[in-house]
Amino acid sequence: MPLLEIKNLTVAFDTSVGLFKAVEGIDLHVDAREVLAIVGESGSGKSVEMLAVMGLLPPTATVTADRMMFDGKDLLNMSVADKRKIIGKDIAMIFQEPVASLNPCFTIGFQLEETLRFHLGMDKRTRRARAIELLEQVGIRDAASRLSAFPHQMSGGQCQRVMIAIAIACNPKLLIADEPTTALDVTVQKQILDLLVRLQAEHGMGLIMITHNIGVVAETADRVIVQYRGHKMEESDVLTLFTAPKSGYTRALLSALPDNATGDRLPTIGEYVEAAS
Amino acid sequence: MTTPVLETRHIVRDYHVGGSLFGGQRTIRAVKDATLSVHKGKTLAIVGESGSGKSTLARILTLIDEPTSGELFIEGEKIDIARQGVSKQLRRKVQMVFQNPYGSLNPRQKIGDVLAEPLAINTDMPASERADRAMAMLKKVGLGTEHFNRYPHMFSGGQRQRIAIARALMLNPSLLVLDEPVSALDLSVQAQILNLLADLQDEFQLTYVFISHDLSVVRYIADDVMVMYLGDVVEQGTREEVFANPRHEYTQALFAATPRADVEHIKARLARRAATA
């Protein structure tokens, strides 16, 4: 049984010019201990899908699906109260802008312990010990004294480590990472990706990696879903994707990589879209 | 040997920070001893992470800031903006394109006016001729005349970057400094903009200083590469030299950290992963 299984997911937004479907008819599943990458450019619906799973979309969004099961529980017909027990505990998410996703008014220790208190009901002493342990796990040196630091006192990479520590605090079964390294420098990106993959293996988590970066896919994923304008273009294991991509869109995407440039001009996806329509 | 379009000798830039009633002033040396030269029709890429001083150097090259010490030559002429200021004639020679196409265009100014403004400020051209030139430039960067009277919010990120490039080219500059011009763009749009830059370089014999942290883009577009780290120029050479044989530790670390999308690399990673699971 897959850890997360979604069938025929459609997300529509009510706009002033009528209904806009950001995601249409997407099926996806991810197993425990698996790294699934969802790749697409802006407007492909890759983030919206996962926000729908988390229940974080604004009220203008209508989410419909034939099936949305997580770990044997039906996420579609679940009460809000029940959902709150799962979100942040069994399913955790980290976002693109680490500095913006932490609350600037509280110390990182407070924000870490908040999760532990809310979901696990730990007492003060155990919370503190666990918070230190978590910071050490994500590679923050001098963890005990860093607990009293505020987000603005840390670098972007360190803030992302703190976000990861908060996300894995309750040993989630599924971790969703939405462009976790886009705002970071290349050398820091490498550290964060290595950290995510290491934690994923150690904890036996399922990991969904949302990204627009083909290189990040190549470095982390087991299986890949390629999306374009709300539709799934391709689903393949990572090696197939790079050796024998099935869809024309994937081929166009791969050939637009400057790494793969052959002539003195790059092929562009516009050419593909025009050819397809 | 022809005179280089741009040449610097031992450029240093200090910033003074702090210096309040209670705290002592500190000096930060953002750029330490940068010497470079770029010839007509060539592209120099400056690579570095946040805090490397690459944007500070860009501000000096585009005559926004003066260097603390060192010499700057444009088309063989010594420039000292601290003493002489920037003449209109000099301003026409150097133009800049910024990273964020959303932030660098005035939201209340029509595109036609955006493009004509540099002419209005720096030349005595009559309004009708300015409009004609703006129209011609729009076509040159792949937009249509129907875009002339639209506002920036009506354009996508890629189109806005085309507009920013068009504005920079209005004065027929000999040197264009591009600060991360494609890092905010999707892969397919990035390919279009890189192609446009290559086309324009061929047509007008433009000289580019291309600032980037993305090594795959740099490898594609640059003739010469300069790597900066914490204000120091740690590596400098032709693209072939730097990519084939990076000498400095930091350059090597940068290469090692860049995600790779080649099949052998993915196979090796999957094998490692299977071994540890």
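The values are calculated or read from the model by the stated rules, or taken from the named source; none is laboratory data. Note that the structure is predicted; figures quoted are calculated from it, not measured. Virtual Cβ from ideal backbone geometry, glycine too; neighbours counted across all protein chains shown.
Some points to look at:
- Scanning the stretch A:126-144 turns up no residue that is free of Cβ contacts under 8 Å to residues at least 24 places away in the same chain, among the hydrophobic types (A, V, I, L, M, F, W, C) and within 13 Å of chain B (Cβ to nearest Cβ).
- Residue match in the stretch A:21-32 (condition: in contact (Cβ under 8 Å) with a residue 60 or more places away in the chain, within 30 Å of A:GLU202 (Cβ to Cβ) and within 14 Å of chain B (Cβ to nearest Cβ)): yes
- When the stretch A:218-229 is filtered for residues that are within 11 Å of another protein chain (Cβ to nearest Cβ), farther than 14 Å from A:GLY43 by Cβ and not aliphatic (A, V, I, L, M), the ones remaining, listed by number, are A:GLU219, A:THR220, A:ASP222.
- Failed item, numbered, when B:PHE204 is tested on (1) away from chain A (no Cβ under 14 Å); (2) buried (at least 20 other Cβ atoms within 10 Å of the Cβ): (2)
- Residue count for the stretch B:1-39, restricted to those that are of a type in the set (Gly, Ala, Ser) and either touching a residue at least 12 places away in the same chain (Cβ under 8 Å) or touching a His at 6+ places or on another chain (Cβ under 9 Å) (or both): 3
- Restricting B:LYS88, B:LYS42, B:LYS78 to residues that are of a type in the set (Lys, Arg) and touching a residue at least 40 places away in the same chain (Cβ under 8 Å) narrows the list to B:LYS42.
- Scope the stretch B:184-198; condition part of a helix (DSSP H, G or I) and more than 9 Å from chain A (Cβ to nearest Cβ); matching residues: B:ILE193, B:LEU196, B:LEU197
- Among the residues here, A:ALA149 does not qualify as more than 16 Å from A:MET93 (Cα to Cα), within 14 Å of another protein chain (Cβ to nearest Cβ) and part of a loop (DSSP other than H, G, I, E, B).
- Hits in the stretch B:249-264 - residues which are free of Cβ contacts under 8 Å to residues at least 12 places away in the same chain and within 7 Å of chain A (Cβ to nearest Cβ): B:ALA253, B:ALA257, B:PRO259, B:ARG260, B:ALA261, B:VAL263
- B:PHE255 meets each of the listed conditions (1) surrounded by fewer than 19 Cβ atoms within 10 Å (Cβ to Cβ); (2) closer than 23 Å to B:ARG9 by Cα apart from (2).
- In the stretch A:230-242, the residue that is surrounded by the fewest Cβ atoms within 10 Å (Cβ to Cβ) out of those that are farther than 17 Å from A:VAL30 by Cα and either more than 12 Å from chain B (Cβ to nearest Cβ) or under 18 Å from the mean Cα position of the chain (by Cα) (or both) is A:HIS231.
- Complete set of residues in the stretch B:52-82 that are at positive phi, surrounded by 15 or more Cβ atoms within 10 Å (Cβ to Cβ) and assigned to a loop (DSSP other than H, G, I, E, B): B:GLY53, B:LEU63, B:GLU75
- Neighbours by Cβ (under 9 Å, 6+ apart or cross-chain): first from the stretch A:227-240, more than 18 Å from A:VAL48 (Cβ to Cβ); second among the charged types (D, E, K, R) and in a helix (DSSP H, G or I): A:VAL238/B:ARG269; A:LEU239/B:LYS267
- Per-region count, the stretch A:161-195, residues at negative phi and away from every other protein chain (no Cβ under 14 Å): 17
- Candidate set: the stretch A:1-25, residues that are part of a loop (DSSP other than H, G, I, E, B) and modelled with pLDDT of 90 or more; chosen: the one nearest to A:MET50 (Cα to Cα): A:LEU3
- Residue in the stretch B:25-35 that is part of a loop (DSSP other than H, G, I, E, B), away from chain A (no Cβ under 14 Å) and farther than 15 Å from B:VAL227 by Cα present: no
- Number of the exception - B:VAL227 against (1) within 14 Å of chain A (Cβ to nearest Cβ); (2) assigned to a helix (DSSP H, G or I); (3) touching a Leu at 6+ places or on another chain (Cβ under 8 Å): (2)
- Between B:VAL17, B:VAL38, B:VAL5, B:VAL12, the distinction of being more than 18 Å from the chain's Cα centre (by Cα), of a type in the set (Val, Ile, Thr) and more than 21 Å from A:SER155 (Cα to Cα) belongs to B:VAL12 only.
- Subset of the stretch B:231-248 [in a helix (DSSP H, G or I) and either closer than 20 Å to B:VAL38 by Cα or within 12 Å of another protein chain (Cβ to nearest Cβ) (or both)]: B:ARG239, B:GLU240, B:GLU241, B:VAL242, B:PHE243
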